[in-house]
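The values are calculated or read from the model by the stated rules, or taken from the named source; none is laboratory data. It should be emphasised that the depicted structure is a prediction, and the values quoted were computed from it without experimental measurement. Neighbour counts are summed over all protein chains in view; Cβ atoms, including those assigned to glycine, are modelled from backbone coordinates with ideal geometry. Surface areas here come from the heavy atoms of the whole protein model, side chains and all, with no ligands, DNA or RNA. Shrake-Rupley method; radii C 1.70, N 1.55, O 1.52, S 1.80 Å.
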Amino acid sequence: MLSSLKLKEIRFTWDNFLLLTFLAGLFFNLISISLTQIFYGLNVACWLFLVLRRQHRFEVPLFFWPLAVYSGLSLIASSLSVNPALSWRDSRELLIYLLIPATMATFTSAHRIRLASNILLASGLVNFIFSIITYIVSGQRGLRLRGFMGHYMTEAGLLMLLIIFCLAQFLFRSEKIRWLWLALGAASSCLLLLTLTRNAWLGLAASLVLLLALSKPVALLIFPFLLAGIYLLSPIEVKKRVTNTFNLYSPSNRQRIEYYRAGLKIIADYPFFGCGPDTVDMVFQHPRYGLSEQARLNVHLHNNLLQIAAERGLPALLAWLIFMIWTFWLLSRQWRGKPSGALPWIASGLACVLALFIAGLFEYNFGDSEVVMLYLVLITLPFVPGLREKKETP
């Protein structure tokens with residue numbers, strides 16, 4: 001009897017540790033990559049410990065399996081890489097995918113899911129306050145906003161996912177707190193504009209069309225006017241960035257064309273297992289790939305499809321595409337079931353998949369670990385056990 005009570009106490013303690021480490025990782029996802037990795041790492045380690053003790057079982061959504069195949073093919077690509085040591089070092093990031101089963105194990109109740117949404121709300125507010133003060137006060141005005149991140153592309157990718165989550169919470173929840181989500185989404189949209197990152201703008205626009213189609217299709221009629229209003233009210237730097245999109249002679253557009261051509265040549269040279277993870281920037285230095293001196297200074301091909309195929313091979317690209325498409329299809333099937341209280345999470349997951357894919361046509365965002373971690377969490381949450389509760393609303 002006494003040993004049974006002690007076992008329950010230990011289980012309760014470890015389950016709480018599982019929750020606290022995940023919530024800490026989620027809070028810092030917009031703030032610090034180091035702290036995010038530390039807390040998510042502790043969460044995954046705790047999950048593995050509980051699985052080994054048979055206090056949790058291994059449970060994943062079906063979209064995890066093509067991602068596992070992608071991981072396996074990535075490891076083969078690392079073994080055959082033009083620089084195996086560099087590729088194996090990069091392959092440590094594949095451990096991020098263990099966030100999927102860890103998320104499933106952590107969120108076993110609607111109460112825990114509510115805590116996750118509140119933590120993300122708090123993180124978004126901290127990010128906004130810090131980013132806007134830093135931008136105005138410390139001389140970033142006129143530069144591309146970075147927030148807490150080291151690069152504006154990372155900040156833009158995170159903001160894109162956060163805004164999608166905010167809009168889904170606003171459109172598909174009925175509590176008064178939904179207006180706070182709308183306020184955070186609008187404020188974060190201002191930050192996203194100041195990153196001057198067009199791929200994230202396009203991803204967000206596509207996701208907004210999807211969210212409106214799911215909630216209020218009539219509102220799609222005002223969407224063009226909304227975009228026009230945002231453009232007219234935007235700073236001059238944003239307007240220049242928009243108009244440059246259609247200028248084929250702008251330096252960034254010319255370089256992207258160079259990257260597309262070079263990427264196709266690399267894929268032709270290394271079709272099955274690529275040149276190796278994190279080695280594309282070494283390979284495209286060769287004159288045969290035709291990159292200009294300025295273009296060779298970058299570290300990737302600015303496109304998920306080209307980058308994955310070039311560094312990991314066409315079979316890995318196929319596995320990744322199956323992962324993305326299957327995730328969207330599984331979420332669509334969840335949506336058709338219309339489970340009570342789960343709609344904001346499912347809508348958010350659907351919109352995140354679409355946004356990441358569209359933005360990834362113009363940027364290698366699947367190689368950005370901060371963005372990928374938040375993405376994996378947001379697409380896994382619609383499948384967690386806590387959303388299967390019938391009477392509670394997250």
Would you please give the FRET efficiency between Asn253 and Asn16, computed as 1/(1 + (r/R0)^6) with r the Cβ-Cβ distance and R0 = 51 Å, to the nearest 0.05?
0.50
Please list Arg256, Arg89, Arg53 from largest to smallest accessible area, probe radius 1.4 Å, with all protein chains kept in place.
Arg89, Arg53, Arg256
About the Cα centre, and with charges only on the beta carbon of Lys, Arg (+1) and Asp, Glu (-1), how big is the dipole of the chain? Nearest 20 debye, please.
860
Please work out how much accessible surface Met373 shows to a 1.4 Å probe, ignoring ligands, DNA and RNA, in Å² rounded to 10.
10
Roll a 1.4 Å probe over the protein heavy atoms and report the accessible area of Leu232 in Å², nearest 10.
120
Linear extension gain, Gln285 paired with Val82, 0.36 nm per residue minus alpha-carbon span
71.8 nm
Span-like helices, the chain: DSSP H, alpha-carbon axial extent 18 Å or more, mean Kyte-Doolittle 0.5 or greater, which ones?
2-28, 33-52, 64-79, 110-137, 152-172, 178-194, 198-215, 314-337, 343-359
How much length is gained if the chain between Ser292 and Ala228 is pulled fully straight, taking 0.36 nm per residue apart and subtracting their Cα-Cα distance, in nm to one decimal?
19.5 nm
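Only Cα pairs under 8 Å and at least 6 apart count here; give the relative contact order of the chain as a rounded whole percent. Can you show the working numbers first?
Values: 565 pairs, mean separation 95.9, N = 394.
That works out to 24 percent.
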In whole percent, how big is the carbon plus sulfur part of the accessible area of the range 292-355, probe 1.4 Å, protein atoms only?
67
For the range 289-350, with every protein chain kept in place, what is the accessible area per residue (1.4 Å probe, Å²)?
39
Simple label model, 7 Å out from Cα along Cβ direction - Leu62 to Ile133, nm:
4.8
Accessible surface, 1.4 Å probe, highest first, among residues Tyr260, Tyr364:
Tyr260, Tyr364
Can you give me the solvent accessible area of Glu258 with a 1.4 Å probe, rounded to the nearest 10 Å²?
40
Could you tell me the center-to-center distance, by alpha carbons, between the range 82-102 and the range 223-277 in angstrom?
27
Overall form of the range 88-175 per C-alpha gyration tensor (a/c, 1.5; a/b vs b/c)
oblate
Cα-based Rg and Dmax for the range 37-77, in Å, come out at 12.8, 35
Accessible-area ranking of Trp65, Trp201, largest first, probe 1.4 Å:
Trp65, Trp201
Gyration tensor (alpha-carbon) shape descriptor, the range 255-394, a/c threshold 1.5:
prolate
Could you work out the helix-only [θ] at 222 nm for the chain, with each DSSP H run of four or more residues adding -39,500 (n - 2.57) and the total divided by the number of residues, to the nearest 500 deg cm²/dmol?
-22500 deg cm²/dmol
Using 0.36 nm per residue, how much length does the chain from Ser34 to Trp179 gain when fully extended, once their Cα-Cα distance is taken away?
49.0 nm
Using a Förster distance of 30 angstrom, determine the FRET efficiency expected from the C-beta separation of Arg53 and Arg92, and round it to 0.05.
0.70
Cα lying deepest toward the dipole's positive end in the chain, options Thr380, Leu159, Leu86, charges on Cβ
Thr380
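From the square roots a ≥ b ≥ c of the eigenvalues of the alpha-carbon gyration tensor of the chain, which class results: rounded (a/c under 1.5), prolate (a/b over b/c), or oblate?
Note, shape of the chain comes out oblate.
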